[in-house]
Amino acid sequence: MNAPLAAAHSAYDLDNLCINTLRFLSIDAVQKADSGHPGLPLGAAPMAYVLWTRFLKHHPANATWVDRDRFVLSAGHGSALLYSLLHLTGYDLSLEQIKQFRQWGSVTPGHPERGLTPGVETTTGPLGQGFGNGVGLAMAEAHLAARYNRTDFEIINHFTYALVSDGDLMEGVAAEAASLAGHLKLGKLIYLYDDNQITLSAGTDITFTEDRARRFEAYGWHTHLVEDGNDLAAIERAILSARDETKRPSLILVRTHLGYGSPNKQDTYTAHGSPLGEKEVRLTKQNLGWPTEPSFYIPDPARAHFREAIAKGGAEETKWNDRFAAYARAFPELAQELQQATGGALPTGWDEGIPIFPVDSKGMATRVASGKVMNAIAPRLHALIGGSADLDPSTHTALSGLGDFEPPGVSARDRQGSEGGGWSFAGRNLHFGVREHAMGAILNGLAAHGGTVPFGATFLIFSDYMRPPIRLAALMGLHVIYVFTHDSIALGEDGSTHQPVEQLAGLRAVPRLNVIRPGDANETAVAWRVALETHDRPVALILTRQDVPTLDRARFASADGLRRGGYVLADAPGGKPALILIATGSEVALIVAARETLLARKVAVRIVSLPSWALFDAQPRDYRDAVLPPSIRARLAVEAGVSQGWHRYVGDSGDVLGIERFGASAPGDVMLRNYGFTVENVCARALALLR
Ligand SMILES: Cc1ncc(C[n+]2csc(CCOP(=O)(O)OP(=O)(O)O)c2C)c(N)n1
C-alpha cells in the first residue's frame, strides 16, 4: 500500500472505510459512464452498509437460496450502490462489470434488472414499483411459512427489506401497497426510507410535505426515526426494533443528505441524476478523506470485511440445508411439494380435474368456465394463489374453500367475501381491495419470490390501472397470470367507462406478454393449461362477461388448437376456401354462425379461431401459412375492439370488423347489434371482399 493510502486508512475505522468504499465505487462508476445517479449512493451508503453487513441473511455464492432475506432497491436509480454491494459482498459480479456500468452488453444496466445481474431480486426504476414488489415478496414469505413450517421446522423464515426514496413514497402505487401491507400486518417487511428531502428537480418542500411517519402509522405501520443517516448505531437500533415488531410492517425514516460529502452539490438536486464531474468527484474524495487515485479503489480490509458475507451466508445455508433434510425426512410430501413449487415445476396430475365442457348452444361466459377450471386445478396445484381487486363475484376467481389470506388471529366467521377454508396466511385467496396498481406490483413480488404461481383479476378496462407492473412482469419474464374479464362492449349497461375498446391492442403491444382470448369454455380450459405450463413470461387471459356457445368439437377442430395460437376451426368444403373469417373470444361464435349462412349461399368459407397472436406468431411459417394461406386474400377479422394490428393477419386486401370509437350504455346484445356485430353484417362485409 502506498503512503497516502496507508495514511488514508489509518484515519478510518473499518466501518467508515467500508462505507466510503461503497460511496466511491458507486461514484466512480457513474463518473466513468458519464451517466447515472451519484446522490443516493453518497447519502444512503451507511444504511445500506449496516443492513448488508449486520442483518441481511444472504449467500453471495448462491444468489437464489430459497430462504435468503430479500432486498429490493426500490429507488432503482441508485443502482450503482446495489452493484457495489453485490460486487463487494462477493456475488458473481466482477469489478470489470462495475467499470462497465450502463454500457452495451454489461450486466450493470442503468437500473437494476432481475435475471441479468445475480442478486437483483426485482427490476426497479419506475418509482413505487419496488415498494409494491416488496409487499408481494413479504406476502409470499408469510404464505409459504404458514403452509410449510412445522413445529421445530422453520423452513421459511426470512425478512423482506427495501430501500425506498421520496419518489417511491410519492407514487400512488406505494400508498395502495402500504395500505394493504398494514392491513395484513406483514411484520417481516422492513423499509428503509432515504429521507433526503430532495428529488430530481427540486426540494420536497415544494411538493411533498405531509408527515410521512404519521401517514404510515395511519396505515398500520411501525415507524422509527433515525435523525442522522451517518449514525450507524442508530440505524442498527432501528433495524433491530423493526425486526422485533412482528405484527406491523416497519418504515425506518432515515434523515440523509443527497450527495453527501460533495462540497458544491450536497443537498441540491444537481446531485441526484447527473455525474458530479471529475473535479467535484475529486473534491468529494478529498472532503471525505479518500484517496483521489486510483479510481475504483477497494481497500483490502474493506473488501475482506464485505466478503465475510460468503462464509456467513454459507454457514447459514448449510444450517438450513441440514434443517431441510431433517424436514424432508419428517414431512416428505410437504418437502417435495415445496421443492417443486420453488423450482417452478407442476406436480404430477395437476391437470387431472380440468373439466371437458359439453356442447351447449346457450353456453357459458368464459369467465365462468375459467372459474370452474381454476377451482378444478387449485386443489392439486398448491402454488396457485391469487385474487382480484374487489371483483371476485364478477371475475369468478375465488378459490372456493381454500382459505383467505388474512392476518392470523381474527376469525373469518360470518365475514362477507370470505371464500371459506379458514383465515390465515395459509389462505390462497388474496384480497387486494380496490387496488389494481398495487395488485400488479404485488403479483410481481409474489412471482419473483418463487414458490407461488400468482394470479390477479379485474375487469379488462382496469388493466390500464396495472400497465406499469404488467410491463415489468414481461420485462422480468415473471410467471404471473392475469384474469381480465368483461372484455368488450358486450358487458353492456355499465357503459363506455367500463367497456374496453383499445385495451386488447394495448396489451398485445407489450413484448413477451402472452395475451389469450379464448372463444368458448373448452378453449378457456386449454388457455389455463397454457397459462400454467408457461414459465418464462406473464399470461393475460381475456374473458367474456356474457355467455358464449360451447362448440361441438366433433364438428369443429379440437380446442387444443389454442396451443398454437390460431387454428382452423372449420374448413371450406374440400379444403378449398375462397374466404377466411378470423375471430377471437366471443366473436368466434359470430363467425361460426356467419359460416352457416355463407355455406348456405355456397361461399367456400374457412373459419379460424385466433385466440393468441403471441402464440400464433411463434409458430413456424409453414403452420401459419397453412392456417392463413397467402393465396387467400379475402379475409375478414372480427373482434370487438380496435382494429389496430389486425391488418397483419388480414393483409391489404382484407377487412376488419372492429370498433373505432368508445362504447355506450345499453344492454350487451343491443350494443353488439348497433356496433355491427351481427351475422348479417359479418356476411355482408365478407361478401364485399369477394366482389
Ligand atoms: C414512475 C417514475 N416517474 C419518474 C421517474 C424519473 N425519476 C427518477 S428519480 C426521480 C425522483 C428522485 O427523487 P428521490 O426519489 O427522492 O430520489 P433521490 O433524489 O433521493 O435520489 C424521478 C422523478 C421514475 N424513475 N419513475
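The values are calculated or read from the model by the stated rules, or taken from the named source; none is laboratory data. Treat the numbers as computed from the prediction; the structure is a model and nothing was measured. Counting neighbours? That spans all protein chains shown, and the Cβs are built from the backbone with ideal geometry, glycine included.
Here are some notes:
- Considering residues of segment 1-33 that are among the small types (G, A, S) and surrounded by fewer than 24 Cβ atoms within 10 Å (Cβ to Cβ) only, the residue modelled with the highest pLDDT: A33
- Here G78 meets the list (1) of a type outside the set (A, V, I, L, M); (2) touching a Phe, Trp or Tyr at 6+ places or on another chain (Cβ under 9 Å); (3) within 22 Å of T123 (Cβ to Cβ) almost entirely, failing just condition (2).
- Subset of segment 252-283 [crowded, with 19+ Cβ neighbours inside 10 Å and more than 16 Å from the ligand (Cβ to nearest atom)]: E280, V281
- Residue check for L460: of a type outside the set (S, T, Y) and surrounded by 24 or more Cβ atoms within 10 Å (Cβ to Cβ): yes
- Among the residues of segment 532-552, those identified as surrounded by 24 or more Cβ atoms within 10 Å (Cβ to Cβ) and not in a strand (DSSP E or B) are P538, L543, T544, L551.
- Set side by side, the residues L144, L192, L169 differ, and just one is under 20 Å from the mean Cα position of the chain (by Cα), within 16 Å of the ligand (Cβ to nearest atom) and among the aliphatic types (A, V, I, L, M), which is L169.
- Of all residues assigned to segment 82-90, none qualifies as being without any contact (Cβ under 8 Å) to a residue 24 or more places away in the chain and not polar (S, T, N, Q).
- Enumerated helices (runs of 4 or more DSSP H) restricted to segment 326-436, each holding at least 2 residues that are surrounded by 17 or more Cβ atoms within 10 Å (Cβ to Cβ), more than 26 Å from the chain's Cα centre (by Cα) and on the phi < 0 side of the Ramachandran plot: 332-342
- Here H257 does not fit the description of being within 30 Å of the chain's Cα centre (by Cα), modelled with pLDDT of 95 or more, outside any helix (DSSP H, G or I) and not aliphatic (A, V, I, L, M).
- Residue in segment 437-481 that is nearest to S388 (Cα to Cα), counting only those that are in contact with a Gly (Cβ under 6 Å, 6 or more places away or on another chain) and part of a strand (DSSP E or B): G456
- Criterion (within 12 Å of the ligand (Cβ to nearest atom), of a type in the set (A, V, I, L, M) and within 18 Å of the chain's Cα centre (by Cα)) met by exactly one of L137, L73, L116, L163: L73
- The residues on offer are S79, S94, and the sole one that is among the small types (G, A, S) and within 16 Å of the ligand (Cβ to nearest atom) is S79.
- Residues that are part of a loop (DSSP other than H, G, I, E, B) and either within 24 Å of P291 (Cβ to Cβ) or out of contact with any Phe, Trp or Tyr (no Cβ under 9 Å at 6 or more places or on another chain) (or both) within segment 36-75 comprise G36, H37, P38, N62, T64, R68, A75, listed in sequence order.
- When L225 is tested against (1) more than 10 Å from the ligand (Cβ to nearest atom); (2) hydrophobic (A, V, I, L, M, F, W, C); (3) surrounded by 20 or more Cβ atoms within 10 Å (Cβ to Cβ); (4) under 27 Å from P407 (Cα atoms), only condition (3) is not met.
- From the list A557, A527, the lone residue that is farther than 19 Å from K362 by Cα, surrounded by fewer than 23 Cβ atoms within 10 Å (Cβ to Cβ) and either modelled with pLDDT under 95 or not polar (S, T, N, Q) (or both) is A557.
- Exactly one residue out of T223, T108 is in a strand (DSSP E or B) and touching a Phe, Trp or Tyr at 6+ places or on another chain (Cβ under 7 Å): that is T223.
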